[in-house]
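The values are calculated or read from the model by the stated rules, or taken from the named source; none is laboratory data. Computed from a predicted structure; not experimentally measured. Please note: Cβ atoms are built from the backbone with ideal geometry, for glycine as well, and neighbour counts cover all protein chains shown. In case anyone asks, the SASA skips ligands and DNA or RNA and just uses the protein heavy atoms, side chains included. Shrake-Rupley method; radii C 1.70, N 1.55, O 1.52, S 1.80 Å.
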Amino acid sequence: MSSSSKPPQHLNSTGCHIQVTPGKGRGVFASRPITSNTLIEISPVLLFTKDEYERYGKHTVLDHYTFIWKDGTASGKMALALGLGSLFNHYPHPNVSYTLDTSTDSIQYRTCRDVEEGEELCIYYGSQLWFEEAENGVDGSSLSEEEEDGWGGLSMVAGEGTSHNMDPHEIIDEEQLPFTRIKPPPEEETLEDVRTAPAWVIDVPDPRYITALLKWLKKTGLDSPDLGHLKRIRKYDNKTTLLLCLATGDDDSPPSVPDDLLPNPSIHQHPVPLSSALTPTQLTLKSTFWPTYYTPRKKDQVEDWTRAQCDWAWEAMRRAVAEGKKARAKGEGLTDTRFEQLPIGAYVPAPFQLDDNQNDNGFSGFDTRTSTSHPLRHAVLNLVRDLGESHHNKAESNTSSYLLTSRSIFLTHEPCIMCTMALLHSRVKEVFYLIPMARTGGCGGDGAGTCPPIPWLKGVNHRFEICRWTGEGRGIDSEGLRIDEDLDA
Ligand SMILES: C[S@@+](CC[C@H](N)C(=O)[O-])C[C@H]1O[C@@H](n2cnc3c(N)ncnc32)[C@H](O)[C@@H]1O
């Protein structure tokens, strides 16, 4: 917004005034030094319904000032902040965070670091801006803990993918993606190359048991997407065998099948391919182990990414970076011989959905090796552990609470070998990392890592996609996140 008229003087006892900057219009500035965590403004909000917004606000100047007000109700309201609230400009490294107070219909604004006199006070609008960002004099700095709840509840409506003439379904060219996929080795074209894992299978002496067994599999959750590339039933040598689930190792105990479904069941382990057949040769080879689905695709064809999916990923990586900065702000680092900071963060967003990209159902974690004096408290391990202990996940299943099946994880650093193994065990779908760790990482570094990517090794019972994040901006930068190249992330 540009404004040629002189801004009004604002009566504000917490040291804020309004000032105009070229390219941004009015903004809020500090009249004196303000320490971190100071409440600088409480703005009442004007609430209106989505319908009112659609009819009277959309495509007007109000679009630039209207927020989605998340008050926990299904109907969803829109909000316009009064007072200084509508005048905070955007900056990717904000020095002000905000929280909604739904009990008083107001927004509280606090500094999230020390601010000098004359500095502009900025908030973070989200990852999808609808205007050209002006150069900013605000100093980039670490985001403090408030950052997390600071912006999470609000999002500018004009910033939503669909409302500024961007097609959320548009497929983004591979070169334009904010990450580079690290390509796996050539496909399995000999019997020795076929990657298999042990699975629990049950012999079915009579076909009449099958329907009830399949129903039971569904009910217990054993019918997981991990095995979606395999047929359930194998007929071989006049014997019928049903696939139950993957086994986690030789000493894993078999799932207990109720006697009334099949008396005296014979359950044993059998190797099954880890992925579908992409070529006719693979189909023949893999099906010698277990009947496998044929999903031909063009050579090197990879999953298409839409614009909305990219925005989802930007936001998730921004959250991982914020976690890393949180670790730094909390003083996480190694103290043995020298002090090495460990600003390492991780974030697992809710799976991508076109209509709901707020990413507020995700899990986050950061490195706490220092504060816990525990060498295994890496960001990834902390996150997987929290996820396992969360009530949300426990409600789904007690036994699979560490599983990240079909989920993506965003990391500030390439995970070390131990964390890569933990991610394999968790069956994560894909791993995105910002900073490659060529010497210590388990995912191949930037393509020339010391260790080949662990998920590609033979004998490893899961594979995940590896993507090195290359996009900068939108709240993502590696400044302040670099660590000694010999350290494990
Ligand atoms: C909520 S208003 C902020 C107050 C606004 N500057 C004014 O003068 O009324 C949001 C608008 O401010 C402008 N704006 C905010 N942050 C900006 C930035 N970093 N660079 C350029 N323009 C910005 C954009 O025009 C945006 O639509």
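Quick look at the values:
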{"read-out": "Residue check, Arg427 under 26 Å from Ile476 (Cβ atoms) and either over 17 Å from the mean Cα position of the chain (by Cα) or modelled with pLDDT under 95 (or both)", "value": "no"}
{"read-out": "Enumeration of residues in the range 450-464 that are open to solvent by 70 Å² or more (accessible area, probe 1.4 Å) and polar (S, T, N, Q)", "value": "Thr450"}
{"read-out": "Any chance Asp105 is away from the ligand (no atom under 12 Å from the Cβ) and on the phi > 0 side of the Ramachandran plot", "value": "yes"}
{"read-out": "Residue within the range 122-142 that is under 22 Å from Ala329 (Cα atoms), among the hydroxyl-bearing types (Ser, Thr, Tyr) and modelled with pLDDT under 50 present", "value": "yes"}
{"read-out": "Residue among Arg369, Arg385, Arg377 that is buried (at least 20 other Cβ atoms within 10 Å of the Cβ), among the charged types (D, E, K, R) and at pLDDT 85 or above", "value": "Arg369"}
{"read-out": "Asp71 modelled with pLDDT under 80 and away from the ligand (no atom under 16 Å from the Cβ)", "value": "yes"}
{"read-out": "Qualifying residue in the range 329-339 (condition: in a helix (DSSP H, G or I) and either modelled with pLDDT under 90 or not hydrophobic (A, V, I, L, M, F, W, C) (or both))", "value": "yes"}
{"read-out": "Extreme residue, least open to solvent (accessible area, probe 1.4 Å), among residues of the range 340-362 that are at pLDDT below 90 and not in a loop (DSSP other than H, G, I, E, B)", "value": "Glu340"}
{"read-out": "Selected residue (criterion: surrounded by the fewest Cβ atoms within 10 Å (Cβ to Cβ)) from residues of the range 13-67 that are more than 10 Å from the ligand (Cβ to nearest atom) and on the phi > 0 side of the Ramachandran plot", "value": "His59"}
{"read-out": "The range 1-16 residues that are modelled with pLDDT of 80 or more, paired with ones that are open to solvent by 70 Å² or more (accessible area, probe 1.4 Å) and part of a loop (DSSP other than H, G, I, E, B) (beta carbon under 7 Å, 6 or more apart)", "value": "Gly15/Arg32"}
{"read-out": "Matching residues in the range 286-298 - criterion: being in a helix (DSSP H, G or I) and open to solvent by 30 Å² or more (accessible area, probe 1.4 Å)", "value": "Ser287, Thr288, Phe289"}
{"read-out": "Qualifying residue in the range 436-449 (condition: touching a residue at least 60 places away in the same chain (Cβ under 8 Å), more than 17 Å from Lys325 (Cβ to Cβ) and charged (D, E, K, R))", "value": "no"}
{"read-out": "Tabulated pairs, the range 194-215, first under 14 Å from Gly459 (Cα atoms), second modelled with pLDDT of 90 or more and among the aromatic types (Phe, Trp, Tyr), C-beta under 8 angstrom, 6+ apart or interchain", "value": "Val194/Phe289; Thr196/Phe289; Ala199/Trp290"}
{"read-out": "Failed criterion for Ile210 (all others in (1) out of contact with any Ser or Thr (no Cβ under 8 Å at 6 or more places or on another chain); (2) open to solvent by less than 70 Å² (accessible area, probe 1.4 Å) hold)", "value": "(1)"}
{"read-out": "The range 169-198 - residue that is surrounded by 15 or more Cβ atoms within 10 Å (Cβ to Cβ) and within 30 Å of Ile267 (Cβ to Cβ) and, of those, modelled with the highest pLDDT", "value": "Pro198"}
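Residue-by-condition table, conditions (1) open to solvent by less than 40 Å² (accessible area, probe 1.4 Å); (2) assigned to a loop (DSSP other than H, G, I, E, B); (3) closer than 22 Å to Tyr402 by Cβ:
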site	(1), (2), (3)
Trp200	yes, no, yes
Pro205	no, yes, no
Leu217	yes, no, yes
Leu244	yes, no, yes
Val257	yes, yes, no
Leu261	yes, yes, no
